[in-house]
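Enquirer: Just dropping this structure here.
Derivation of every value follows stated rules applied to the coordinates shown; laboratory data play no part. These numbers were taken from a predicted model, which means no experiment stands behind them. In this analysis, Cβ positions are derived from the backbone assuming ideal geometry, glycine residues included, and neighbour counts consider all displayed protein chains.
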Amino acid sequence: MKGRKHMKTTMRTNLKAILAVLCTACLSVLAKPSLVNASTTYDFNTDFSATSNPSGAWSYGWSTSRGSAFNLDQVEVVIAGGLDQWRPFSQIELPAIAHNGTNMTITPACCDPIPPGATNLHPGPSGENCVARWTAPASGAYQVSAVFSGGDQAGTTTDVSVLKNSSTSLYVAEVTGFGPPSAQSYSGTVTVAVGDTIDFTVGFGTDGTYYSDGTYFTATITVAYSAQVQQPINLDGSSVFSVKRGVVPVKFTLTSGGLATCQLPPATISLMRNTGGTPGPIDESTYLLPSDSGSNFRADTTNCQYVYNLATSSLGPGMYTVNILIGGNIVGNATFALK
């Protein structure tokens, strides 16, 4: 009798433990934080450099006509009391890219005010195109946005375009007039390989003259990241590990603009307890191993994945959500249980 009673007690205890794990698994689905896509944004105006060309992913230059060979501007000068201007050579003023990095509007000629933080692209006298070039630092799908508008109160008349690798036309338009009413906008997703280029060009338009052809210009290029958890943690949150295991390897692969990538930017880890103790964030010292580098994931470029060895012995039983962050934003997460 004592044996049967002991067996029943053991079975009830085991059943309670199983139900507890199942319940915490259910609760963890509700406790998952929502993802915020991390992104890298290249902003022409914000990134503008008066000292380097190229500067990061951006280059300042010109071509004899739309889509012809790109030439890098050689000279940077300061004109009109604070306007930074890139031009082909010291004795050749146009085509040119001018940026106002001051806190006041600058008007270099009679009718072309350039507000603080704004950029003006001006074509050359013989139809030379002013070109702002972006070179892809990594493969992926990028969201490309640009706005061209008249920058001369006398009435701008320019032809503008967005080109991939100089030869593929993504957008062509005519800018006629001044300010917002004349704006021509482009927005699209462009897939590129490392080293591919996106050119934003301004020519002198159908009137065949470069007079009053200053053109306001803005451009942003953005790539979004998303991370996917890998084994031994299951994607559906069903993984249960023993606390005594000591270590749970946390692995994530990365997509950039929807495409798998082996180019892994710095990423960090954070851990949340959902059930089984006090819910909330857990200090990294609780799960840090000597082989880890603080909260930083290790980039395993051989297998194109992030790796972090999570110490479990001090965490205790419960349900946990592990997050991977790029640029301070969560780009992926996974849920698992410890028993």
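Enquirer: With point charges of +1 on the Cβ of Lys and Arg and -1 on the Cβ of Asp and Glu, referenced to the Cα centre of the chain, which listed residue (Asn71, Ala260, Ala173) lies farthest in the positive direction of the dipole?
Expert: Ala260
Enquirer: Evaluate the charge dipole of segment 40-224 about its Cα centre and quote only its size in Debye, nearest 20, assuming +1 on the Cβ of each Lys and Arg and -1 on the Cβ of each Asp and Glu.
Expert: On the way: 4 positive and 15 negative charges, 61 e Å.
Once rounded to the nearest 20, the dipole reads 300 debye.
Enquirer: Relative contact order for segment 40-224 using alpha-carbon pairs under 8 Å, separation at least 6, rounded to a whole percent?
Expert: Numbers: 539 pairs, mean separation 46.9, N = 185.
Computed over segment 40-224, the figure is 25 percent.
Enquirer: Would you list His122, His99 from fewest to most Cβ contacts within 10 Å?
Expert: Ranked by crowding around the Cβ, least crowded first: His99, His122.
Enquirer: Using the Cα centre of the chain as origin and beta-carbon charges of +1 (Lys, Arg) and -1 (Asp, Glu), tell me which of Phe204, Ser295, Leu94 is placed farthest towards the positive end of the dipole.
Expert: Of the options given, the answer is Ser295.
Enquirer: May I have the pair-distance distribution P(r) for segment 40-224, computed from all Cα-Cα distances with 5 Å bins from 0 and rounded to whole percent?
Expert: Computed distribution, short to long bins: 1, 9, 19, 23, 23, 15, 7, 2, 0.
Enquirer: Here is a further query. For a test of the definition: using alpha carbon positions, the gyration tensor, and the 1.5 limit on a/c, classify the chain as rounded, prolate or oblate.
Expert: The shape class here is prolate.
Enquirer: Rounded if a/c is under 1.5, else prolate if a/b is larger than b/c, else oblate: which is segment 35-85, with a ≥ b ≥ c the root eigenvalues of its Cα gyration tensor?
Expert: Cα axes put segment 35-85 in the oblate bin.
Enquirer: Another question, then. Arranged by the count of other C-beta atoms within 10 angstrom, fewest first, what order do Met319, Met104, Met272 take?
Expert: Going from sparsest to densest Cβ surroundings: Met104, Met272, Met319.
Enquirer: Still on this model: Suppose every K and R has +1 on its Cβ and every D and E has -1 on its Cβ; what is the size of the dipole of segment 249-339 about the Cα centre, in Debye to the nearest 20?
Expert: 180 debye
Enquirer: Largest first and in whole Å, give the semi-axes of segment 222-322's equivalent ellipsoid, each being the square root of 5 times a Cα gyration tensor eigenvalue.
Expert: Ellipsoid half-lengths, sorted descending, are 25, 15, 13 Å.
Enquirer: Is segment 81-136 rounded, prolate or oblate when judged by the Cα gyration tensor, a ≥ b ≥ c being the square roots of its eigenvalues, rounded requiring a/c under 1.5 and prolate requiring a/b larger than b/c?
Expert: It comes out oblate by the Cα gyration axes.
Enquirer: Moving on to the next point. What's the ranking of 86-92, 127-133, 48-54 by average number of surrounding C-beta atoms within 10 Å, highest first?
Expert: Listed from highest to lowest mean packing, they are 127-133, 86-92, 48-54.
Enquirer: Something else about it: State the number of lysine pairs found in the chain whose Cα atoms come within less than 19 Å, restricting to pairs 8 or more positions apart or on distinct chains.
Expert: Lysine pairs satisfying the spacing and distance rule in the chain number 5.
Enquirer: If you place +1 on the Cβ of every Lys and Arg and -1 on the Cβ of every Asp and Glu, how big does the dipole about the Cα centre of the chain come out, in debye to the nearest 20? Mind dumping the intermediate values first?
Expert: Values: 17 positive and 20 negative charges, 733 e Å.
My answer is approximately 3520 debye.
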